[in-house]
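Everything on this sheet refers to the single structure shown next.
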Amino acid sequence: MKIFQVSHIDIDLHWTFLLLLAFVLLAGGIDSAIIMLVLFGSVVLHELSHSIVAKMHGIRVRRIILLPIGGMSMIEEFAMPPATELKVAVAGPIFSFFLALVSLAVLALTSNFDVLLPITNIAAAAVEANVMLGAFNLLPAIPLDGGRVWRALRQRHRDYLTATREAVSLSKLIVVLLFIGSFAAAFLFSEWAFLFWNAIVALFIFVGSDMELDGAIFKTASDGLFVRDVMRPKPVTISGEKSLRDAFILALSTRSTSFILTGKGVTPAVISIGPLEKIPQSGWKGRKLSSLHPIHVHVSPETPAIEAWKRMRTAGAELSPVLANGKLVGAVYEADIERLIYLKKIALVS
Ligand SMILES: [Zn+2]
């Protein structure tokens with residue numbers, strides 16, 4: 001659920017967040033709800049600082065998602081150099097500590113005036129929230145910021161995948177320690193809510209670190225893979241002047257559901273015969289194939305395979321014409337790229 005947009009970055013609120021807000025309002029009243037909103041405002045600013053530093057380095061940021069246990073920036077991290085990842089990762093905690101200092105100043109300035117009590121209370125909550133956020137995120141457990149910093153530093157001596165593997169192992173150790181620590185604290189001080197909370201956080205780190213490893217394997221497997229390595233040199237082509245019936249006959253004989261559409265003076269595009277499902281057969285003979293809305297997507301032999309895959313995904317095409325100097329030299333299939341990356345992944349894991 002999108003709530004607002006800051007410099008082209010969507011900020012989404014996960015629905016469970018509203019559930020939590022409702023719960024806090026019912027259980028703790030308006031004061032607790034305000035403290036919670038301060039905490040989440042701090043989370044948004046923390047995430048935004050990551051996103052803004054990422055954008056300054058030319059990295060796309062898709063959105064920020066707010067979950068009850070914190071925020072997540074969806075940053076396109078493919079091929080982010082370690083030095084950039086380091087800067088993006090530290091930006092969040094640094095900004096949180098900066099906000100804590102600003103809030104502390106506001107607290108000091110307002111605490112002597114009774115009429116400003118609401119502001120003093122909000123400032124006090126903001127100091128606590130931002131110190132907590134900054135410190136918690138510096139835990140060296142990937143996907144937390146501290147874990148990313150650690151991985152970036154390790155990449156001076158290790159490749160990306162090995163550094164990620166090591167960061168994930170460290171993460172799991174921290175999860176175990178966090179869990180044992182919370183268990184002991186819960187027993188000693190009867191703080192069961194604290195145990196419950198930390199268990200959720202530990203689970204989040206555990207699952208998140210595995211996803212991080214999957215991502216690193218995927219990235220390494222697709223590294224150095226280009227369209228020229230996956231393309232098929234003789235694609236099935238058809239002219240837009242042909243009828244829907246001709247296209248269907250070609251589909252049957254080649255067992256394809258999409259073709260490269262060619263024609264004089266037009267850039268090759270992709271045409272799927274899927275829409276035929278909704279057109280009565282009686283109309284197939286008299287209707288031109290070009291009336292079916294071709295999908296305009298193309299790549300070059302030098303396009304990275306993963307980029308080609310993303311373009312096809314976005315366009316909703318299962319294949320794409322490969323053009324060199326404006327001429328059709330082949331076709332690349334979404335499924336071929338997936339299979340090749342899958343095979344390279346097997347080689348990396350085993
Ligand atoms: Zn962060």
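The values are calculated or read from the model by the stated rules, or taken from the named source; none is laboratory data. Since this is a predicted model, take the numbers as computed values, not measurements. Positions of Cβ are backbone-derived with ideal geometry, glycine not excepted, and every protein chain shown enters the neighbour counts.
One residue stands out in the range 130-146 among those that are crowded, with 24+ Cβ neighbours inside 10 Å and either under 17 Å from Ala54 (Cα atoms) or hydrophobic (A, V, I, L, M, F, W, C) (or both): the one that is nearest to the ligand (Cβ to nearest atom), namely Asp145.
Of these, Leu178, Leu173, which one is modelled with pLDDT under 90, away from the ligand (no atom under 13 Å from the Cβ) and under 27 Å from the mean Cα position of the chain (by Cα)? Testing whether each residue is modelled with pLDDT under 90, away from the ligand (no atom under 13 Å from the Cβ) and under 27 Å from the mean Cα position of the chain (by Cα) leaves just Leu178. Scanning the range 281-305 for residues that are crowded, with 19+ Cβ neighbours inside 10 Å and in a helix (DSSP H, G or I) turns up Leu289, Leu292, Ala305.
Let me confirm something: among Leu261, Leu328, which residue is surrounded by fewer than 17 Cβ atoms within 10 Å (Cβ to Cβ), touching a strand residue (DSSP E or B) at 6+ places or on another chain (Cβ under 7 Å), not assigned by TED's automatic domain parsing to the domain that holds Lys219 and not polar (S, T, N, Q)? Just one listed residue meets the conditions, Leu328. For the residues Leu86, Leu107, Leu116, the requirement of being away from the ligand (no atom under 15 Å from the Cβ), at pLDDT 85 or above, surrounded by fewer than 21 Cβ atoms within 10 Å (Cβ to Cβ) and of a type in the set (A, V, I, L, M, F, W, C) singles out Leu107.
Just one of the numbered conditions (1) buried (at least 18 other Cβ atoms within 10 Å of the Cβ); (2) of a type in the set (Gly, Ala, Ser); (3) touching a residue at least 40 places away in the same chain (Cβ under 8 Å) is not true of Ala100: (3). Taking the conditions (1) within 15 Å of Ala91 (Cα to Cα); (2) assigned by TED's automatic domain parsing to the domain that holds Pro81 in turn, Gly147 satisfies each one other than (2). The residue that is modelled with the lowest pLDDT, counting only those in the range 54-65 that are buried (at least 21 other Cβ atoms within 10 Å of the Cβ) and within 18 Å of Pro81 (Cβ to Cβ), is Val61. Total residues in the range 273-330 satisfying the condition of being hydroxyl-bearing (Ser, Thr, Tyr), under 19 Å from Leu250 (Cα atoms) and under 33 Å from the mean Cα position of the chain (by Cα): the figure is 1.
Results for (1) over 23 Å from Arg148 (Cα atoms); (2) under 21 Å from the mean Cα position of the chain (by Cα); (3) of a type outside the set (Phe, Trp, Tyr); (4) surrounded by 13 or more Cβ atoms within 10 Å (Cβ to Cβ), shown as yes or no for each residue.
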position	(1), (2), (3), (4)
Ala167	no, yes, yes, yes
Phe183	yes, no, no, yes
Phe189	yes, no, no, no
Ser209	no, yes, yes, yes
Lys219	no, yes, yes, yes
Val227	yes, no, yes, yes
Met231	yes, no, yes, yes
Phe248	yes, no, no, yes
Thr254	yes, no, yes, no
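Kindly check whether there is at least one residue in the range 170-178 that is aliphatic (A, V, I, L, M), crowded, with 18+ Cβ neighbours inside 10 Å and more than 23 Å from Leu203 (Cα to Cα). No: zero hits.
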